[in-house]
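Can you keep this structure in mind? I'll have questions shortly.
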Amino acid sequence: MIRFNRPGLEGSELDYIAEAVKGGHTSSSGPFSRRTADLLRARLGVEDVLLTTSCTDALEMTSLLLDVGPGDTVIVPSFTFTTTALADARQGATLRFADIEPTTLGIDPSHVKDLLDDSVRAVVAVHYAGVGCDLDGLTEVLSDRSDISLVEDNAHGLFGTHRGQLLGTFGRFATLSFHETKNFICGEGGALLLNDEADIERAHVLYDKGTNRRAFMLGEVDKYSWKDTGSSFGMSDILAAFLLAQLERSEDILRRRAAVSDRYRAGLEPHTERLGIGLPVVPAHSESAHHMFYVLMPSRQQRDAMLEGLRTLGVQATFHYVPLHSSTAGRAYSDQDAFCPVTDDISGRLLRLPYYTSLGEAEQQFVIDAFLEVAAAHCE
């Protein structure tokens, strides 16, 4: 079986973990946490980085920092994972689901514009598959709404760019994921990126279980105490040690993942017209973070048949998101019936191929050959 994902060791992960344990600080905010946050802060040019136990936790922090609650509305794409919307719903905010545009599969700015009213406090954009969404259009739509914050769910897109600017640096907040399926991993982990200096002090209070511990550690107060809401969001230093080793090899990891994308495209592109399939689109002004490779099949029935046929041949392909607007919870937490035809169409036709950093040429050729064999039976 060619697995859909295979986590791997890329450098000094095990040595760093041993060093963290021997150093005696394995909880959050240890030396490896600081080194990892410093690396990300320098590479991305953001105001601050807080390492979290997951991207979900980072998104929950954005909801707390925005103080969203009953009476507020947050616009999220329907084509995303539940956690993009979960934090705001938990805070009591109303969700409003936006469709995606068919090129990057990111949130559609024209639909966002139609959904805006005075109750909207934030728009959450997802950079699907590591390709920036239509940030130009989104920026234009929000240009005269300073009361609305842009949040980038950048779980897929670390080190991808839009017009030369790194993804995760456009919104007031951005979140990252280091789950085992992502480009850079530590098993479970995430990060909150702060792009506004004014958010730093409160973000650290929320991060430190509602206390001003950071001010105490900086010598600004003589003791720390409970100041605000918050939780235990911090990443263990053991996981930060693993993650640091991965990030130190980021250029090599991205190069190898780009090669995986290139091989898939070279093997499948000559057959797109004959089979009626679509491949990922990377606009000329974007640089992909190479998170995945998907194929858009002609129909849901053909997609489902392909998945079954590929598994029979030993290839673990899969589909992706079930639209949030049609889910039980999505309907319960939204304030209107969503009309997201592109989301419905894409969700039913999208097929993801095995994709991971160490995927070898021979394994990948096996996947391509298997895909073409099954497609010949269902798409011609």
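Taking the 0 to 90 degree range and rounding to the nearest ten, how far is the long axis of helix 13-23 tilted relative to the main principal axis of the chain, both from C-alpha atoms?
20 degrees
In terms of the Cα gyration tensor, with a ≥ b ≥ c the square roots of its eigenvalues, is segment 51-103 rounded because a/c is under 1.5, prolate because a/b exceeds b/c, or oblate?
Judged from the Cα gyration tensor, segment 51-103 comes out oblate (a/c at least 1.5, b/c at or above a/b).
Between the DSSP loop rule and a limit of at most 10 other Cβ atoms within 10 Å, which trypsin sites (Lys or Arg not before Pro) in segment 187-291 are left?
Of the trypsin sites (Lys or Arg not before Pro), the ones in loops of segment 187-291 whose Cβ has at most 10 other Cβ atoms within 10 Å are K223.
What does a probe at R256 reach in segment 352-367, counting residues whose amide N is under 20 Å from the point 7 Å along Cα→Cβ?
Correct set: 353-367.
Roughly to the nearest percent, how much of the accessible area of the chain is carbon and sulfur, given a 1.4 Å probe?
50 percent
Classify the chain from the C-alpha gyration tensor, please: rounded if a/c falls under 1.5, else prolate or oblate depending on whether a/b exceeds b/c.
Note, shape of the chain comes out oblate.
With axes computed from alpha carbons, what is the tilt in degrees of helix 31-44 against the longest principal axis of the chain, rounded to the nearest 10 within 0 to 90?
Here the helix axis deviates by roughly 60 degrees.
A follow-up question, please. Could you size up the charge dipole of segment 238-355 around its Cα centre, putting +1 on the beta carbon of Lys and Arg and -1 on that of Asp and Glu, and report it in debye to the nearest 20?
360 debye
May I ask you to derive the relative contact order of segment 309-380, considering only C-alpha pairs under 8 Å and at least 6 residues apart, and to give it as an integer percent?
Over segment 309-380, the number comes to 41 percent.
Right, another one. What's the long-distance tail for segment 60-171, i.e. % of Cα pairs beyond 21 Å?
For segment 60-171, the fraction of Cα-Cα distances above 21 Å is 29 percent.
Here is a further query. Which of the aspartates and glutamates could a cross-linker bridge to K209, judged by Cα under 14 Å and excluding same-chain residues fewer than eight apart?
Of all the aspartates and glutamates, those that pass the test against K209 - Cα under 14 Å, at least 8 places apart if same chain - are D57, E60, E201, D228.
Under 8 Å for C-alpha pairs, at least 6 residues apart: give me the relative contact order for the chain, rounded to a whole percent.
The value is 24 percent.
Check I2: other-chain or 5+ apart residues with amide H under 5 Å from its amide H, H built from backbone geometry?
Under 5 Å from the amide H of I2 lie the amide H atoms of V315, Q316, each far enough along the sequence or on another chain.
Follow-up question, since we're still on this one. Using the Kirkwood formula over every pair of different C-alpha atoms, what hydrodynamic radius in Å results for segment 278-343?
The answer is 14.9 Å.
How much accessible area per residue does the chain have, in Å², with a 1.4 Å probe?
Each residue of the chain exposes 42 Å² on average to a 1.4 Å probe.
As an exercise, use a Förster radius of 45 Å and the Cβ-Cβ distance of D38 and M1 to find the FRET efficiency, rounded to the nearest 0.05.
Between D38 and M1 the formula returns 0.65.
The values are calculated or read from the model by the stated rules, or taken from the named source; none is laboratory data. Quick caveat, the model's predicted, so the values are computed rather than measured. Every residue, glycine as well, gets a Cβ built from its backbone with ideal geometry; the counts of neighbours run over all protein chains shown. The accessibility values were calculated without ligands, DNA or RNA, using every heavy atom of the protein model including side chains. Shrake-Rupley method; radii C 1.70, N 1.55, O 1.52, S 1.80 Å.
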